[in-house]
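The values are calculated or read from the model by the stated rules, or taken from the named source; none is laboratory data. What you see is a predicted model, and the numbers here were worked out from it, not measured in a lab. No Cβ is skipped: glycine too gets one built from the backbone with ideal geometry, and neighbour counts run over all protein chains shown. Please note that ligands, DNA and RNA were not included when accessible areas were found on the heavy atoms of the full protein model with its side chains. Shrake-Rupley method; radii C 1.70, N 1.55, O 1.52, S 1.80 Å.
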Amino acid sequence: GSAPNPWTFTASCIPPQIVSTDPVAGAPTASVSAPIVVTFSEAMRTNSVSWTIVPSFPLSPAWNDPTNTVLTLNHTDWFAPGTRYCVTIAGKDLDGNDLVPGPAPNPWCFTVAGEYFPPTGLRVARAPPDIVLTWNPVPGPNVTYVVYSAPDKLAPWPWAPLTPSPIPGTTY
């Protein structure tokens with residue numbers, strides 16, 4: 001015929017992209033305990049996918065088998081409240097194409113909400129000549145406590161701190 005034989009052609013491929021993240025880029029109030037969830041545009045080669053988070057934080061992966069399009073990065077520690085974290089994901093799809101930014105940016109950053117919880121289980125014990133306070137620990141990284149005092153429980157806040165600096169532990 002009129003077409004050459006053999007002939008050549010170039011195929012274009014669409015590389016894998018990050019479709020969405022949770023928390024989303026720029027989130028100002030991410031949860032201290034929620035995992036990071038990354039959704040890809042197509043199945044990923046799971047052993048090629050890597051991530052970095054700054055500041056460094058221990059994360060463990062879980063994939064939504066069998067499609068391998070959703071990566072959940074779980075953690076057992078709490079993110080530090082008020083801290084900005086930045087995540088970068090790298091990897092390849094099943095055809096060996098490198099991950100590129102998509103509708104969701106890569107890398108992306110989010111800030112953890114300032115979720116501090118008050119201690120529970122306050123116990124007061126007399127230990128002459130002192131009084132000993134104990135309480136249940138609050139979950140989270142690097143938690144310290146300050147004990148305040150006032151001669152009148154109805155005195156306006158702020159009361160004077162009894163501790164010269166924050167104390168670790170659950171006893172004063």
* Within segment 74-131, chymotrypsin sites (Phe, Trp or Tyr not before Pro) in DSSP loop having at most 14 other beta-carbon neighbours inside 10 Å -> 116
* Asked: What is the magnitude of the charge dipole of segment 36-172 about its Cα centre, with +1 placed on the Cβ of each Lys and Arg, -1 on the Cβ of each Asp and Glu, and no other charges, expressed in debye to the nearest 20?
  -> 520
* In the chain, which Cys residues have no partner Cys with a Cβ closer than 4.7 Å? -> 13
* **Protection proxy ranking, peptides 28-34, 129-135, average beta carbon neighbours within 10 Å, highest first** => 28-34, 129-135
* Take segment 65-172, compute every pairwise Cα distance, and split them into 5 Å bins from 0; I just need the percent in each bin. => 2, 8, 12, 15, 14, 10, 8, 7, 6, 6, 5, 4, 2, 1, 0
* Label-point separation (nm) for residue 83 and residue 37, each offset 7 Å from Cα along Cα-to-Cβ? -> 2.3
* Would you mind working out the accessible area per residue for segment 70-151, using a 1.4 Å probe, and quoting it in Å²? => 58
* Just 22, 152, 98 to compare: in a GNM of the chain, with alpha carbon springs under 10 Å, which one fluctuates most? -> 152
* Go through 13-20, 143-150, 118-125 and give me the packing order, highest mean Cβ count within 10 Å leading. => 13-20, 143-150, 118-125
* Structure fact -> Carbon/sulfur accessible area of the chain, % of total, 1.4 Å probe, equals 59
* Multiply the residue gap between residue 125 and residue 50 by 0.36 nm, knock off their C-alpha separation, and tell me the result in nm, one decimal place. => 21.9 nm
